[in-house]
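Just below is one structure, and these are the notes that go with it.
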Amino acid sequence: MGKNPLLTSLDIAKLLQPVLENLVGSDASPSELLNNGFEELSQYIDELREQFQSWEPLSSRIFYVLQIESLATKLRESSLEVFQLLKHCEQHLPADLVSPSFEDCIELVKLVGRDEVSCTIDLALIDQREGNGPTSEVLVKIAESVGLRSNQEILIEGVVLASLKENAELTENNTEAEFIEGLISLITRMHDHLTNIKQSQLGCSVPVPPDFRCPLSLELMTDPVIVTSGQTYERAFIEKWFDMGLMVCPKTRQPLSQTSLTPNFIVKAFISNWCESNNVNLPDPLELVQSSQPFPLLVEPASDDDDECDSQPLSLVDESERGSSSSPMKIGGNGRTESLDATKCKKLRQVLSRSVSAPEIVFELDSKTERNTPPPAPAVTSVSQARVETVRRLPSARHFHHPGIIPATIRETGSSSSIESEVKKLIEDLKSSSLEAQGEATARIRILSRNSTDNRIVIARCGAIDSLVNLLYSTDERIQADAVTCLLNLSINDNNKSVIADSGAIEPLIHVLRTGNLEAKENSAATLFSLSVIEENKTKIGEAGAIEPLVELLGNGSLRGKKDAATALFNLSIHHENKAKVIEAGAVRYLVELMDPAAGMVEKAVVVLANLATVKEGKVAIGEEGGIPVLVEVVELGSARGKENATAALLQLSMHSQRFCNSIIREGAIPPLVALTKSGTARAKEKAHNLLKYFKSQKQGQRRG
């Protein structure tokens with residue numbers, strides 16, 4: 001028979017449906033294994049139904065489609081097992097159940113396409129990490145596959161993903177956070193690509209400066225206004241954004257405490273002057289907002305002629321069959337009697353009569369959001385098996401039971417007043433002379449600030465930060481630990497970082513770092529890292545004496561404490577004056593020790609060493625502390641990022657000392673460096689090429705000598 005590599009689960013449905021129809025009214029007695037196979041099919045159908053029912057308009061489309069596609073793949077694999085079991089016991093089944101032959105059915109199921117969107121996204125993430133793309137065609141294909149057609153939908157997806165990434169980081173799920181970060185980068189690339197398309201459509205003789213265009217409409221702004229995040233938008237478009245209930249900055253994805261808009265007269269004057277100089281007419285923003293498609297499109301909606309989806313929304317359960325009862329079919333094996341409810345057979349028939357593919361998933365999403373135009377089915381890209389196996393798959397489905405809904409904390413909920421009243425009472429208790437009252441208040445604020453962005457804003461606005469800073473000197477270990485953890489939670493908000501630093505928290509945090517219990521020290525280090533994101537705080541933290549206790553935690557803390565200390569030291573060492581302090585405090589010895597894979601900190605340690613290797617003292621310390629062999633080992637066996645940073649450090653060491661250069665060569669660095677020039681990241685390839693080139697020049701110089 002002819003084999004079509006683009007078969008879908010619809011083809012499986014056509015094969016299974018007659019089998020199920022005949023089984024409902026049959027007296028057949030297949031084996032217990034076959035009964036279990038149908039039960040597994042029923043389980044996957046229930047999971048698919050739950051996923052469809054969990055969809056909300058402000059969910060992540062990418063996660064939703066990947067989740068459904070993953071379940072659909074399991075459904076196909078389970079179908080294959082059922083056909084194989086049917087083939088095994090076909091001699092015990094009626095003749096009308098074995099036509100066509102189960103052997104042919106098995107071959108057809110094996111041809112079913114799988115993970116179409118997942119594969120495309122994963123390969124795009126690989127290209128992105130390697131600095132090779134993805135191409136605009138791939139971006140458009142992904143956007144089309146998951147239903148991200150307009151600039152508005154792309155920006156909303158970015159907001160949802162940023163929220164999911166924050167939640168993953170709070171729960172220390174680094175694998176999930178890294179995966180989401182890659183997706184955010186893809187979304188950003190989609191927006192940038194759409195921005196370029198829109199630029200070419202503006203019809204101006206000269207390019208419009210990016211700062212003069214609204215990030216939402218991508219049009220030249222006529223009434224620019226500033227939101228509380230500091231970003232500027234066209235008034236009509238940001239008001240439309242707020243009208244959708246989105247209390248978050250579209251560009252920075254930062255939660256907004258209010259919807260107040262401040263006219264940006266400076267930008268307006270610059271735009272006016274630019275238009276006059278270039279003979280450009282300003283657009284009418286109200287006409288744009290009122291148009292049929294106010295937000296720029298990345299993917300054009302499919303026409304009715306191109307629509308291959310059924311006009312009815314995809315449904316996993318026939319509403320008329322819910323609650324119905326049918327006579328169960330007896331399925332026995334080896335003397336045992338089991339039952340398979342005929343309703344499940346009907347459900348299987350009905351579900352399998354529909355193709356669960358990405359385009360139809362998108363159609364279901366649009367049906368639920370009152371949109372009626374499904375996208376055209378995307379083409380399936382053929383990818384070599386070898387490359388597919390290198391793809392880092394979507395994290396386990398258990399991490400994504402809910403497909404990424406924008407939490408209420410970044411939408412208008414109207415509940416902030418009750419939280420504000422509670423926080424004001426808690427602040428009074430923080431100031432109490434009673435340790436019991438202080439303890440209960442800090443514990444409660446710790447809970448309130450843990451996962452809610454809105455709560456962090458309210459707590460800071462009510463003035464809790466000063467009281468929490470004072471409690472960093474508490475003699476009660478529990479109160480001190482809770483207070484520093486509250487400040488860590490609050491510092492996640494960018495605006496709060498400055499407030500915490502300005503409240504004089506740096507020295508008290510260092511006090512906790514020196515004297516607190518293990519948990520308090522860890523969270524103090526993490527808070528100092530969070531504050532050091534602001535450039536001027538790097539200097540303040542270094543000058544206040546934080547580096548020495550951070551190095552002490554790096555050497556003698558728990559694994560979590562060591563990670564927090566390494567992260568903080570890396571950020572502080574970006575400031576040149578702090579590098580010498582980190583080296584003098586003895587950090588290099590601990591970092592070299594942590595390069596042991598058993599320590600679980602190779603990547604964090606190597607990035608700090610690469611940073612310290614940019615100064616003379618750092619090069620000397622790394623060489624003397626035995627850093628060269630472990631750096632060479634990372635170049636050979638480390639992660640992509642680890643190889644990149646280890647090579648950068650070795651390049652610095654080689655150029656500093658001929659002795660170090662010879663030592664690096666003796667450690668066997670040349671073969672892995674050659675391999676890195678072919679398979680590393682863009683930066684790793686460059687560093688490896690430069691290091692090999694330096695080795696060659698040194699060898700030639702020695703010959704001349």
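The values are calculated or read from the model by the stated rules, or taken from the named source; none is laboratory data. The structure displayed is predicted, hence computed values, not measured ones. Glycine gets a Cβ as well: all are built from the backbone with ideal geometry, and neighbour counts include every protein chain shown. Side chains included, ligands, DNA and RNA excluded: accessible areas come from the protein's heavy atoms. Shrake-Rupley method; radii C 1.70, N 1.55, O 1.52, S 1.80 Å.
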Q | Solvent-accessible area of S277 with every protein chain in place, 1.4 Å probe, in Å² to the nearest 10 | A | 100
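Checking the table K425/K521; K579/K693; K141/K251; K424/K579; K497/K581 against a 31 Å threshold on Cα-Cα, which pairs fail?
As for pairs spanning more than 31 Å Cα to Cα, those are K424/K579.
What's the FRET efficiency of Q43 with E181 using the Cβ-Cβ distance as r and R₀ = 30 Å, to the nearest 0.05?
0.40
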Q: Just grab the label-to-label distance for T475 and E436, each label 7 Å out from Cα along the Cβ direction, in nm (one decimal).
A: 1.9
Q. Applying 1/(1 + (r/R0)^6) with R0 = 56 Å to the Cβ-Cβ distance of S200 and T259, what FRET efficiency is obtained, to the nearest 0.05?
A. 0.95
Q. Percent of alpha carbon pairs in segment 197-275 separated by more than 15 Å?
A. 54
Q. How do 467-478, 524-535 rank on mean C-beta neighbours within 10 Å, highest first?
A. 524-535, 467-478
**Q.** Cα→Cβ-extended label distance, 7 Å offset, between M244 and T135, nm
**A.** 3.0
Q: Using only protein heavy atoms and a 1.4 Å probe, report how much of T73 is accessible, in Å² to the nearest 10.
A: 10
Q. So between N517 and N281, what do we pick up on full extension, going 0.36 nm a residue minus the alpha carbon distance?
A. 78.5 nm
Q. How many nm separate the modelled label positions at R659 and D466, each set 7 Å beyond the Cα in the direction of the Cβ?
A. 5.7
Q. Applying 1/(1 + (r/R0)^6) with R0 = 25 Å to the Cβ-Cβ distance of S639 and D494, what FRET efficiency is obtained, to the nearest 0.05?
A. 0.30
Q: Classify segment 606-705 as rounded, prolate or oblate from the Cα gyration tensor: take a ≥ b ≥ c as the square roots of its eigenvalues, call it rounded if a/c is under 1.5, otherwise prolate when a/b beats b/c and oblate if not.
A: oblate
